[in-house]
1. Please determine, by comparing only the residues of the stretch 144-157 that are in contact with a strand residue (DSSP E or B) (Cβ under 7 Å, 6 or more places away or on another chain) and loosely packed, with under 14 Cβ neighbours inside 10 Å, which one is nearest to Gly89 (Cα to Cα).
2. Give the number of residues within the stretch 110-129 that are among the hydrophobic types (A, V, I, L, M, F, W, C) and more than 26 Å from Gly73 (Cβ to Cβ).
3. Exactly one of these conditions fails for Leu160: (1) buried (at least 17 other Cβ atoms within 10 Å of the Cβ); (2) within 11 Å of the chain's Cα centre (by Cα). Give me its number.
4. Test Trp157 against the stated conditions and say whether it is farther than 18 Å from Leu87 by Cα and either at pLDDT 95 or above or in contact with a Leu (Cβ under 7 Å, 6 or more places away or on another chain) (or both).
5. Would you say Ala93 is outside any strand (DSSP E or B), in the same structural domain as Ala179 (by TED's automatic domain parsing) and at pLDDT 95 or above?
6. Do we find that Val114 is within 13 Å of the chain's Cα centre (by Cα) and of a type in the set (Val, Ile, Thr) in this structure?
7. Identify all residues within the stretch 74-104 that are crowded, with 16+ Cβ neighbours inside 10 Å and of a type in the set (S, T, N, Q); write none if there are none.
8. Would you list the strands (runs of 3 or more DSSP E) that sit entirely within the stretch 97-180 and hold 2 or more residues that are within 22 Å of Arg36 (Cβ to Cβ) and free of Cβ contacts under 8 Å to residues at least 24 places away in the same chain?
Amino acid sequence: MADQIAGGIHAVPKRFADQGDGSYAERVEAGGRIIRAAPASLPATSTSAYASGDVLGAKMQLTGALRVAAGSGFLQDLTVALKTNGLTGALDAVLFRADPSGSTFTDNAALNVVAADLDKVIGVVNMTKITSLGGGTLYEANQLARSIKLASGQDIWMVLVWRSAPTLGSAADIAAVNANIAVD
């Protein structure tokens, strides 16, 4: 009962504030609970044809993705913008709770997560909502509610993987990567 305002049998939880007229209003936290995480720099890409299962770019670190060290939250949305317009093939994002330092992720080469890094995998987000924007292509995964709990630190690592065989128009084709994370 420590979370209640004194008042005996008529105690009101602290999330309600006494309005001074015998009524109570619920306290609502607004804002500050979603973190937009993005890599500090975007990896280079290839203009040679990719195969399904190839890495797009390289490993990316989403610095400060969670509010506190060893924190938790829910990945709500993930977007990737590419400069090549009219892409139609699916893209996956493999998420890691710690740096998958034992694995090497090379652009336009097959994904290979070594056994020592498998326990760091949070999961895979399938980005199948694809929109051609005229000047590029937007990949989205929305309303995910994918739970995330880190053992230490505040960063999440990510590797993008093609599930098709596109050819990109630029060696710097990744225009933006953004993750919206609801944090505790």
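1. The residue in question is Ala145.
2. 3
3. (2)
4. yes
5. So Ala93 does not fit the description; no.
6. So Val114 does not fit the description; no.
7. Answer for the stretch 74-104, where residues must be crowded, with 16+ Cβ neighbours inside 10 Å and of a type in the set (S, T, N, Q): Gln76, Thr79, Thr84, Ser103.
8. The strands (runs of 3 or more DSSP E) meeting that bar are 129-132.
The values are calculated or read from the model by the stated rules, or taken from the named source; none is laboratory data. This structure is a prediction, so every number in the text was calculated from the model and none was measured. Every residue, glycine among them, receives a Cβ derived from its backbone with ideal geometry; neighbour counts consider all protein chains shown.
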